[in-house]
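Scroll down for the structure; my scribbles are underneath it.
The values are calculated or read from the model by the stated rules, or taken from the named source; none is laboratory data. Predicted model, so just to flag it, every value in this text is computed and none were measured. Positions of Cβ are generated from backbone atoms using ideal geometry, with glycine treated the same way; all protein chains shown enter the neighbour counts.
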Amino acid sequence: MSKLSSIGFLIVFVLYPGPQCYSQNALKLEDCIQMALDRNIGLKRQGLQVDLAKDNLQTSQAARLPILEGFYSHNMSSGKTVNYEDYTYINTQYQDGNVGMQGSLPLFAGFSNWYQTKSSKYAYQSESERQQELRKSVTIEVTSAFLQILFNQELLAVAVAKLESTQEQLRMNEGFFTAGRMSKVEVLTMKSQVAQDNLSKIQAENDVRSAYLSLAQLLNLENESGLAIQRPASLEGPVLPDIIDPVKVYEFALSNHPGIASAELLLKSRESGLAAMRAGLSPSVSLNGLVYSRYSELGVNQLNPTAAYPYTEQLKDNMYSRASVNVSIPLFSQFQVRSRINQARIQADDARLSLDQKKLAVRQDIQLAYSAALNARAKYQATEEAIISATESFNLTREKYTSGLSSSVDFKVAQNQLIQAQLTQIQSKFEFIIRAKILDLYLDKPITLE
C-alpha cells in the first residue's frame, strides 16, 4: 500500500498525542483534580473563613456563660489622705491595697444571645457549604482544562495528517510535472499549501502547549514542564449516553447543591441576626456579685490597737461581699439600635435576593449545559455519516488523481471535506463531554473519564 493510499486511514484514525502522553508519571483526570484541590489557594483561604466562622460560633455560645474576673491593687501614697480606720485626715506616707473577685451572669436580654448564636451557627454552616461549592468549581475548571488538552491533541493529529497528505501530494505533483502531465503553477500552488498546512500544525502544537500551561496553572505548578496526562481509553470511539432531563437535575440541585445550600444558610443567618438586633429593644437582666477586701499600712486592730496588724488579718477582717440584680431598660440611644435593626434588615433582604440569584444561575447553567449537550450529540451523530461519505469521496478522488483523471483542486476539495467533518466531530465530542460533566457535577456524581 502506498503512502498516499493510506492517507484516508491516517486522517480518520491517527491521534497525535505528543511525547508527554507516554510519560510514566502521566496523570489521570482524578489525579489532576485532587492535586488542584490540595494546592488551590482560594480553597485554603475559604478554609480559614470556615475556621473564623466556627470561632465566631463558639464566641456566641460562650456569651451565655457568666463573666468572672479577679482584681488586685497595691498603692504607695504620700500626702494628706483619709485614714479609713478612724476616718480622719492625716499627712503621711503609707501603703495600702485591695483584692477581690467580681462576676456577672446574663439572665435575660430579649433572647438576643440565643438569636445571635443561631446566626453564628448558620453562618458557619454557610461558609462550610461555600467551601464545597468552591471544590466543585475547581473540579469543573480542571476537568475543562484536562479535556482542552485532549481536544487540542486531536486537532493536532488532524493537522499532522493533513500536512503529510499535502506533502505526499506535492511529491506526486512534482513527478507529474517532470513527466509533463502538470503545469508549474499547480506545483507552486501545492508548495504554498504545504507551507500553510505546516503553519497550521505549528499553531496546533502551540495550542497543546498552551492547554498544558492552563492546566499547570490550575494545579499551582510553576510551569508545564514535565506535566503529562493520560488519554482515557473511553475517548476512543466514545458512546454518548442519554442525559437526565434538566428539570430533574435542577430539582436535585435545589436540595443538594452546596451553592444553594450556602445561600439558604446565609439567609437564615441574616434573619437570625435581624431578630438579635430587634431583641436589643428589650430590657436586659443580669445577676452580679462582688467579693472584696482591703489592707492598709495605717490599719489598726480595734480589739488590740497597740498590736501589729498584719495584712493577712486585715484582709480577713475587712472582707466584703455584694450580690445584685441589674435591670437595664433601653430608652434612647441616639437611634443606634434602630440603625442596627435597619442595617440587619437590609442584609437579610440582600441575602434573600442572593439566594434567588443563585437559584437562577444554577437553573440557567443546567439548561445551557443540557441544551449544548443535546446539540453536540446530534452534531456528533450527524458527522458520523458525513465522515463515511467524505471518506468514500476522498478515496474515489484519490484513485482518479493517481490515474491522472482528476485535478489537484478536486483532490484538495475532497480532502478538506473529510478533514472538516472530522474536526466537527472532534469538537462536538468534547463539547458533549464537558457539558455532561457539568450536569454530573450538579447530580453529585464523581467526575471521571474512565
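Summary of values
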| item | result |
| --- | --- |
| Flag if residue 72 is free of Cβ contacts under 8 Å to residues at least 60 places away in the same chain and out of contact with any Cys (no Cβ under 8 Å at 6 or more places or on another chain) | yes |
| Candidate set from the range 315-362 (those that are assigned to a helix (DSSP H, G or I) and among the polar types (S, T, N, Q)); member that is surrounded by the most Cβ atoms within 10 Å (Cβ to Cβ) | 347 |
| Tally of residues being outside any helix (DSSP H, G or I) and touching a helix residue (DSSP H, G or I) at 6+ places or on another chain (Cβ under 7 Å) across the range 161-218 | 1 |
| Residue check, residue 98 touching a residue at least 24 places away in the same chain (Cβ under 8 Å) and in a strand (DSSP E or B) | yes |
| Every residue from the range 79-95 that is in a loop (DSSP other than H, G, I, E, B) and either small (Gly, Ala, Ser) or exposed (fewer than 15 other Cβ atoms within 10 Å of the Cβ) (or both) | 84, 86, 87 |
| From 397, 402, residue being β-branched (Val, Ile, Thr), over 25 Å from the mean Cα position of the chain (by Cα), crowded, with 19+ Cβ neighbours inside 10 Å and at pLDDT below 90 | 397 |
| Within the range 120-152, tally of residues that are closer than 30 Å to residue 202 by Cβ and under 16 Å from the mean Cα position of the chain (by Cα) | 5 |
| Selected residue (criterion: farthest from the chain's Cα centre (by Cα)) from residues of the range 153-185 that are of a type in the set (Asp, Glu) and buried (at least 16 other Cβ atoms within 10 Å of the Cβ) | 168 |
| Selection count, the range 292-314, where residues are of a type in the set (Val, Ile, Thr) and assigned to a helix (DSSP H, G or I) | 1 |
| Single residue of the range 285-301 satisfying the filter (crowded, with 18+ Cβ neighbours inside 10 Å and hydroxyl-bearing (Ser, Thr, Tyr)) that is nearest to residue 115 (Cα to Cα) | 295 |
| Every residue from the range 379-406 that is touching a residue at least 24 places away in the same chain (Cβ under 8 Å) and either outside any helix (DSSP H, G or I) or under 16 Å from residue 240 (Cα atoms) (or both) | 379, 380, 381, 383, 384, 404 |
| Pick from the range 12-37, criterion of a type in the set (Gly, Ala, Ser) and crowded, with 16+ Cβ neighbours inside 10 Å, ranking: modelled with the lowest pLDDT | 18 |
| Residue match in the range 259-282 (condition: part of a loop (DSSP other than H, G, I, E, B), within 26 Å of residue 372 (Cβ to Cβ) and modelled with pLDDT of 90 or more) | no |
| Pair list, Cβ under 7 Å, 6 or more apart: the range 121-140 residue without any contact (Cβ under 8 Å) to a residue 12 or more places away in the chain and over 16 Å from residue 443 (Cβ atoms), other residue buried (at least 19 other Cβ atoms within 10 Å of the Cβ) and of a type outside the set (D, E, K, R) | none |
| Per-region count, the range 168-212, residues over 23 Å from residue 156 (Cβ atoms), touching a residue at least 12 places away in the same chain (Cβ under 8 Å) and not aliphatic (A, V, I, L, M) | 6 |
| Among the candidates 414, 421, 376, residue that is modelled with pLDDT under 90, small (Gly, Ala, Ser), assigned to a helix (DSSP H, G or I) and surrounded by 14 or more Cβ atoms within 10 Å (Cβ to Cβ) | 414 |
| Unmet requirement for residue 207, which otherwise passes all of (1) modelled with pLDDT of 95 or more; (2) more than 33 Å from the chain's Cα centre (by Cα); (3) of a type in the set (Asp, Glu) | (2) |
